[in-house]
Amino acid sequence: MTRFQKLSLATSVMTLVLIGVGGTVRGTGSGLGCPDWPRCHGKWYPPLTFHAIIEYSHRASASIVIVLVLAVAVFAWVKYRSVASLFWPALGAVGVIAVQAFLGKLVVDSGLNSHLVVIHFATSLGLLALVVITTVNSFYPRGGTFGPLAREALGISAMTLVVAVLGAYVTQWGAALIFADWPLFDGRVIPVTTSPHALIQFAHRVAALILGLGLARLFVATRREPRYRPVNVLAAVAAGMWLLQALAGAANIWTKTASWAVIAHVLGGATLWGASVAMAALAYRLTASVAAASGGTPRPRAGVGQRVRAYFMLTKPRVIELLLITTVPAMVVAAHGWPSLALIGATLLGGSLAAGGAGAINCYVDRDIDDLMERTSGRPVPAGQIEPPRALVFGIVLEIISFAFLATTVNLLAAVLAVGATLFYVFVYTIWLKRATPSNIVIGGAAGAAPVLVGWAAVTGRVGLPALVMFAIIFFWTPPHFWALSLRYTEDYAAAKVPMLPVVRGAQATARHILLYTLSLLGVSLLLYPLGSLGPIYLVSAVVLGALFVRRALALQRNVEPGEAMRLFRFSIAHLSLLFIAMAADRLIGGPGSDVAYRIVFVGGAVLFCASQTAIIVEDLRWRGKGLSGNKVLPDVS
């Protein structure tokens, strides 16, 4: 390393130490150990008391940092005046540390005013950011593009700052122990109390969760790119620090803010912040322009109308339409009649925003495989109509709006269920299962089944047994519906290396699974008749529609061709729509069924469901017995 690199690195480390000592002052309650400034009890050296020594050590550390920052600035002025990436951050650090010293005086003179303490802390993070940027730039002084990766890393840095500042307010407002448990809030996912202390603690934890998800996403996104190796290493460090920070936050509650826990939380937060800033700076330096890398020319800018349409298509409106078809009948069944139009409208709007946000985030995550598949290559992101980071931000904004809107106009449970379905869809299905196992759509179908829970919760404020059965209906409907589509586009999935069932096990095995899951669906559909106290209209509809679905599945098994698969796919959409319409119609105009019919249908549905699920398990075991349990592309050996 050069002398400038060593000096700037030492300055970064010492600034981190300074923040850690500040955390010690906070954790030990020594903020007024020296009640005057710049002297301590009127002298230039502290009295030999615990709090005075702790506070004075903070001022001594600050003095060392001032000297180092000035040395870096002078070095940059003398040697690197023409290198803007080194000169300006070094010069900016001088201005920030001067402000920091003045704020330190104001904090002492004000008797530790909470807002001034938080501003003082935030300024120290700004100082750390500048010296870290100077250090990174000393290794990579030239080039760089503010591309997608750099924007994503910058967003993570911004969220880290938000978490840190919220945490400072938690401490200063005495809100650290407002809840006696962790990670819940007095045993609840959403706190009941709406006091400012409770809200700031809730906001701090939610922001920390979002930050953790963002760090995980960035780590995954950079692990396969050799040129982003330094960013990936820092992402791993930041993710590790995030986990330690979570434990330190829990320790603050478990130990009732013991000094060591407070100090560890402050120092860990500063370290996480420094890593995130270094990550963003490196991402900027290492990212090359897409146009330059490909040798191409920038695409012409689309008109306003085209961009609006592109954002609309980003939400996957056809998927939203199908989800809403199931929400309204669930609300009708829950309300034993029509709920208020205002409640229906609010639930549908909030649910649409959540589903649209999920679709946009999915388009961002799957942009690489969407580009390889004929069916999805025309989506806004792979088609170049919307930049990937904008798609991600758009999706996140929709989710935030959805949560706030549903929580305000409907209830918190509906809001949590809607956004929770998105988190499951993005992180469990899209990022993990979709590329890892042929069972991806089986488990991932839970996300698409969530709207009935949202609708039920909107009406009743809870999730009842009939809602869970409706959830199961959509859950078991999803695999045959989606597998039929994947039979038509098997080559697409194989090209994108997505282990869908037809790619891994072949068409005939997929057709058998479609038949077995269709039988499971029929069994679950019958269970809603007694468990939901529905009447003859629903029972007849469930039997007829289920029988037609089974007939289509049998036809597909006899003739596994793309045309037959698409006929089943289209019928599956009609089946779900008509089945849920029958639920609503039965509740609105039908009468109840008889106890005898309830018992017979319950037994019949349960037996059919258990038998078909047993057959699925046997089929999977038979397949594994052949040694073909992986997710590689295999010939159809069924």
Worksheet entry | the chain: calculated mean residue ellipticity at 222 nm from DSSP helix runs of at least 4, using -39500 (n - 2.57) | -25500 deg cm²/dmol
Response to the item:
Projected onto their principal axes, the Cα atoms of segment 304-462 stretch, largest extent first, over whole-Å spans of 47, 40, 22
Discussion item. Using only the alpha-carbon atoms, how far is helix 536-558 inclined from the longest principal axis of the chain? Give it as 0 to 90 degrees, nearest 10.
Written reply: 90
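Assuming 0.692 mPa s and 37 °C, estimate D for the chain with Stokes-Einstein, Rh taken as the Kirkwood radius over Cα pairs, in µm²/s.
Values: Rh = 28.0 Å.
Value of D from the Cα-based Kirkwood radius: 117 µm²/s.
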Response to the item:
Candidate cut points under trypsin sites (Lys or Arg not before Pro) in segment 103-182, DSSP loop plus at most 12 other Cβ atoms within 10 Å of their own Cβ, are Arg142
Response to the item:
Cross-link reach from Lys497 to aspartates and glutamates, straight Cα distance under 17 Å and at least 8 residues apart if same chain, gives Asp366, Asp368, Asp370, Asp371, Glu374, Asp636
Discussion item. Could you order the peptides 222-229, 608-615, 386-393, 350-357 from most to least packed, using the average number of other C-beta atoms within 10 Å per residue?
Written reply: 350-357, 386-393, 608-615, 222-229
Worksheet item: If one takes the longest principal axis of the Cα atoms in the chain, at what angle in degrees, from 0 to 90 and to the nearest 10, does the Cα axis of helix 465-488 lie?
Response: 80
Discussion item. As a test of understanding, state the convex hull volume per residue of segment 144-290 from its alpha carbons, in Å³.
Written reply: 100
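Using the number of other C-beta atoms within 10 angstrom as an exposure proxy, rank Ser57, Ser63 with the fewest first.
In increasing order of surrounding Cβ atoms, one gets Ser63, Ser57.
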Worksheet, complete the sentence: In units of 2.2 N^0.38 Å, the Cα radius of gyration of segment 444-536 is 1.30
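For segment 1-142, what is one quarter of the convex hull surface built on the Cα atoms, given in nm²?
Working: hull surface 33.7 nm².
The orientation-averaged projected area of the Cα hull of segment 1-142 comes to 8.4 nm².
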Discussion item. Cross-link candidates for Lys43: which aspartates and glutamates have Cα within less than 20 Å, leaving aside residues fewer than 8 places away along the same chain?
Written reply: Glu55, Asp109
Practice prompt. Calculate the length of the line joining the C-alpha centroid of segment 10-71 to that of segment 472-549, in whole Å.
Written response: 67
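Enter the per residue convex hull volume of segment 59-170, computed from alpha-carbon coordinates, in Å³ rounded to the nearest integer. Walk me through the numbers before you get to the answer.
Numbers: hull volume 11.2 nm³, N = 112.
Taking the convex hull of the Cα positions in segment 59-170, it is 100 Å³ per residue.
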Worksheet item: Extension gain Val83-Arg223, at 0.36 nm per residue separation less the Cα-Cα distance, in nm?
Response: 47.3 nm
Response to the item:
In order over segment 119-124: 3J(HN,Hα) from phi, Karplus 6.51/-1.76/1.60, θ = phi - 60°, whole Hz, x for each Gly or Pro, gives 5, 4, 5, 4, 5, 5
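The numbers here are math on the coordinates, done by the rules we state, and not lab data. Quantities reported herein were computed from a predicted structural model and do not represent experimental measurements. When we count neighbours, we look across all protein chains shown, and the Cβ atoms used for this are built from the backbone with ideal geometry, even at glycine.
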